[in-house]
Amino acid sequence: MSGADWLSYSLQDFVMFGPQVFLRLFVRINQDLWPWQLLAVVAAIGIPALLLRQGDAARRLAVGLMAIAWVTSGYGFLVGYFGPINWPATWFGWAFVAQGALLGAALFCGGVHKGRLPIRQFVVLWLVAVCGLPFLAVADSGQWQSVALFGIAPGTTAAAGALVVALVTGPWRWLYPPLLVLWSLFSAAMLWVLQTWWLLIAPLATLLLVGAGFWLSPRPARSQD
C-alpha cells in the first residue's frame, strides 16, 4: 500500500461501528453483571469515606480499591466488551490493568503519600466524577441501563482515578498520569467521530482532574514536638 493510500484514510475509517452499538455496550455489561455492579457503587462511595478518616491505613485501602477499579474496568469492559469491535480498546484495556498493577506496586513500595490531604476539595471533585459522569451515557442513549459506573466504565474510572495523582508520591506520581492523557485523547477522538457529544465531557474532565490531582497533592505533615 502506498503512502498516498494511507493518507486517504480518515479517522472515521478506523471506527467500524456506530454510536448505538457503542452505547449498547454499557447496557450489555450492566445487564450481565447485575447485581454485582452494586459493589462498584460501594467502592465509589467507600473511597472518599476512607479518605475522610485521614489515616494511613485507610488511605492505603482507598488506593487499593482504586487499583482494583482500574483492573476491572480495563479487563471487564475494554478487553471483554469493547475490544472485539475496536482493537485499540484491547490494548488500552491491558494498559488499564497495568495501571492497576502500578498502583498496587506503589501501595506496597511506599508510594502512597502520607501528607495532609485537602479532603473537602478532593471529596467534592470525586463525587462530581462518580455521580455525574455515569449519566452522560444515559443522556446520549436515553436508556437508564446504560449508566457508566465507576469501576466498570473506563471513562468514569479514568476521570475519578485522575484524582489519585494526589495520593501517590515519588516516581509513582509521574508514572501514573501518562495513561490518563493517552486515554483521554483516544476516547475524545473516538467519541467525536461517533458524535456522542455528551460523552466528550468525560475525557475533558479526566484531563482537568489530572491537574486537580497535582493541585490537591498533600502538604508534608507537620512534625510533632
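The values are calculated or read from the model by the stated rules, or taken from the named source; none is laboratory data. These numbers were taken from a predicted model, which means no experiment stands behind them. Counting neighbours? That spans all protein chains shown, and the Cβs are built from the backbone with ideal geometry, glycine included. We work out accessible area using only protein heavy atoms, side chains counted, and drop any ligands, DNA or RNA first. Shrake-Rupley method; radii C 1.70, N 1.55, O 1.52, S 1.80 Å.
Details
- Residues satisfying the criterion are absent from the stretch 67-77 (criterion: in a helix (DSSP H, G or I), open to solvent by less than 50 Å² (accessible area, probe 1.4 Å) and either in contact with a Cys (Cβ under 7 Å, 6 or more places away or on another chain) or more than 16 Å from residue 150 (Cβ to Cβ) (or both)).
- Considering 88, 84, the condition of being within 23 Å of residue 196 (Cβ to Cβ), modelled with pLDDT under 95, open to solvent by 80 Å² or more (accessible area, probe 1.4 Å) and part of a helix (DSSP H, G or I) is satisfied by 84 alone.
- Residue 185 being in a helix (DSSP H, G or I) and either exposed (fewer than 15 other Cβ atoms within 10 Å of the Cβ) or at pLDDT 95 or above (or both): yes
- In summary, residue 128 fulfils each of the numbered conditions (1) surrounded by 14 or more Cβ atoms within 10 Å (Cβ to Cβ); (2) touching a helix residue (DSSP H, G or I) at 6+ places or on another chain (Cβ under 6 Å); (3) closer than 18 Å to residue 40 by Cα with the single exception of condition (2).
- The number of residues in the stretch 137-158 that are touching a residue at least 24 places away in the same chain (Cβ under 8 Å) and within 17 Å of residue 21 (Cβ to Cβ) comes to 10.
- Selection within the stretch 195-217 - open to solvent by less than 10 Å² (accessible area, probe 1.4 Å), at pLDDT below 95 and either part of a helix (DSSP H, G or I) or farther than 18 Å from residue 19 by Cα (or both): 213, 216
- Residue check, residue 146 at pLDDT below 95, among the polar types (S, T, N, Q), more than 15 Å from the chain's Cα centre (by Cα) and farther than 17 Å from residue 78 by Cβ: no
- In the stretch 29-44, the residues that are touching a helix residue (DSSP H, G or I) at 6+ places or on another chain (Cβ under 8 Å) and surrounded by fewer than 15 Cβ atoms within 10 Å (Cβ to Cβ): 31
- Qualifying residue in the stretch 165-182 (condition: assigned to a loop (DSSP other than H, G, I, E, B), open to solvent by 50 Å² or more (accessible area, probe 1.4 Å) and at positive phi): no
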